[in-house]
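Worksheet for the structure shown next.
The values are calculated or read from the model by the stated rules, or taken from the named source; none is laboratory data. The model shown is predicted, which means the values in this text are computed figures rather than measured ones. Here Cβ is always computed from backbone atoms with ideal geometry, including for glycine, and neighbour counts include all displayed protein chains. We work out accessible area using only protein heavy atoms, side chains counted, and drop any ligands, DNA or RNA first. Shrake-Rupley method; radii C 1.70, N 1.55, O 1.52, S 1.80 Å.
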Amino acid sequence: MKLISVELTELLPSIPPPTCGEQWVLLLLRGRPLGMLHTGPGGCTPRELARVTLEQHGWAIARHVAAYSMSVGADAVRSPISIDDLAKLSGACREETDARAAITVAVCTRNRADQLPDCLHALLALDYPAELLDILVVDNAPADDSTRDVVDRYPRLRYICEPRPGLDWARNRAILESRADIIAYTDDDVSVDRHWLRAVESAFRQEPQAMCVTGLVVPDAIDTDAQALFERYGGFGRGFERGLFRVDVEGGHSAMRRFGGTGRFGTGANMAFRREVFDGIGAFDPALDVGTPANGGGDLDMFFRVLRSGHALVYEPAALVRHRHRRDYPSLKTQITNNGIGFYAYLVRTARAYPDERRAVIALGVWWLWWWNARRLFASFVRTGRIPRDLIVAELKGSFTGLRRYAAARRRAADVLRQYGTPQPADGAKP
């Protein structure tokens, strides 16, 4: 059951009945995500869709129209929006279409050749000038040549093999191989929206101080209980409101105290950086994320380091990607466990790297154990059904495990470095 997208400036469709549960509908206004609707078992007609859309998202529509300088009086803005007003949106909304910056898109993958084509097809359909677009597939410690064989079918793509196992090693390889000033990362289980890069580039252009842009991640499909459960548990989506975040480091403010829970900004499946930022704050920590004992945290750590260095971070929901969630419950449970491990490994890493932030790190770690884990666990005995208790317990156990994993991950990263040496660009040039 694919997530249905509805563009509000076009003729509204009928929403078919879902095969099970409820149908999810992503609302778009000129390609910009506006919100999510959930229709019942009977679906809905175009007029019913318009009515529910305006009831639930009328003010969001009004804000977007105002942002595009629609000429309306104050009284009109306060008046209820009617269904007929939807017909006026197409002429009222304008959008920037010029792209100026060259971007390297990095897809870091490992032994997933069977699902890689969906990701690559979406990248090749991007609405972005070909002369400004460089698509790089980083094959991380592959077991065979299957990924290379897939990439060889697409002449526009570049293939790089990174033999050092670990997602952050692959991300760092992309930095070395990049041919652009902006590097946008995505995963092999993601399909990007065709306007994804335009939104990323526009955010960087509008916010010159921003060194990182993250975006909205929605489910590609909700056709199993595990996929729906992941969304109820928290998912990857971080809302439909644009946000600009920065820490006054020179003023003595603590980045950890304000923004230590950097998962609020998004995920590694949808993040972009100005290449120059890595010269100042360093590359990704190879002791973190998938393929290491830490199992995650590499993206969280980099978001924190960007803010800790005084740079700005932008969350731009128009930079939209669709993620293929785990389809079965055991895979979901493993993912939730790894979320706990990765988050607390990131906290341990931060405490080691920034001694002045340690008190704030401990405070966040204790608060998170209570607010996110223990509190929900206690609530599950009172109100059952929404989140299975064993998922909450799995993340709680993972959190305690993560406190011990970063030290082991550092030793593993050191062993890998001794075995393979310092990474060098494929063309032999100095990094």
Choice from Thr384, Thr186, Thr39 with maximal GNM fluctuation in the chain (Cα, 10 Å cutoff):
Thr384
Report, in degrees rounded to the nearest 10, the 0 to 90 angle that the Cα long axis of helix 358-368 makes with the longest principal axis of the chain.
50 degrees
Per residue accessible area of the chain, 1.4 Å probe, in Å²:
45 Å²
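Note down the net charge around Thr384, summing +1 for each Lys or Arg and -1 for each Asp or Glu among other residues with Cβ under 13 Å from its Cβ. List each step's numbers first, then the result.
Details: positive: Arg376, Arg383, Arg386, Arg389; negative: Asp390.
Computed value for this residue: +3.
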Could you report the accessible area of Glu131 in Å², rounded to 10, computed with a 1.4 Å probe on the protein chains as they sit in the structure?
150 Å²
Is any residue of segment 388-406 close enough, with backbone N under 16 Å, to a label point placed 7 angstrom from the Cα of Trp370 along the Cα-Cβ axis, and if so, which?
none
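Starting with the highest mean, order 144-150, 292-298 by the number of other Cβ atoms within 10 Å, averaged over the residues of each peptide. Before the final figure, lay out each step's value.
Details: 144-150: 15.4, 292-298: 28.6.
Peptide ranking by packing, descending: 292-298, 144-150.
What full-extension length gain, to one decimal in nm, is calculated for Ala130 and Ala353 as 0.36 nm per residue of separation minus the Cα-Cα distance? If you can, show how the numbers build up before the last one.
Details: separation 223, 0.36 × 223 = 80.28 nm, distance 4.01 nm.
So the chain would gain 76.3 nm between Ala130 and Ala353.
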Rg and Dmax of segment 14-58, Cα atoms only, in Å
10.4, 30
Around Arg324, what is the net charge, scoring Lys/Arg as +1 and Asp/Glu as -1 over all other residues with Cβ under 10 Å from its Cβ?
-2
Could you state the number of Å between the C-alpha centres of segment 236-286 and segment 169-190?
17 Å
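Give the whole-number value, in cubic angstrom per residue, of the convex hull volume spanned by the C-alpha atoms of segment 331-417. Please report the intermediate quantities before stating the final value.
Working: hull volume 7.2 nm³, N = 87.
Enclosed volume per residue, from the Cα hull, is 83 Å³.
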I need two numbers for segment 154-230: Rg to one decimal and Dmax as a whole number, Cα atoms only, in Å.
15.6, 42
So what is log10(I(q)/I(0)) for segment 199-254 at q = 0.27, 0.30, 0.31 1/Å, when the Debye sum runs over its Cα atoms only?
-1.08, -1.19, -1.23
Leaving out ligands, DNA and RNA, what percent of the accessible area of the chain is carbon and sulfur, probe 1.4 Å?
52 percent
For segment 131-176, the fraction of alpha-carbon pairs in successive 5 Å shells from zero, as %
5, 23, 29, 23, 15, 4, 1
Listed by chain and number, the residues whose amide H is under 5 Å from that of Asn295, excluding neighbours fewer than 5 places away on the same chain and using placed H, are Asp289
Which sequence of Lys333, Lys2 reflects their accessible areas, 1.4 Å probe, from the largest down?
Lys2, Lys333
When each pair of different Cα atoms in segment 279-431 is counted once in the 1/r mean, what is the Kirkwood radius in angstroms, to one decimal?
17.5 Å
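Normalising by the residue count of the chain, find the relative contact order in percent from Cα pairs under 8 Å and 6+ residues apart. Please report the intermediate quantities before stating the final value.
Working: 794 pairs, mean separation 65.8, N = 431.
It rounds to 15 percent for the chain.
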Computed [θ] at 222 nm, helices only, for the chain once each DSSP H run of length n ≥ 4 contributes -39500 (n - 2.57)
-12500 deg cm²/dmol
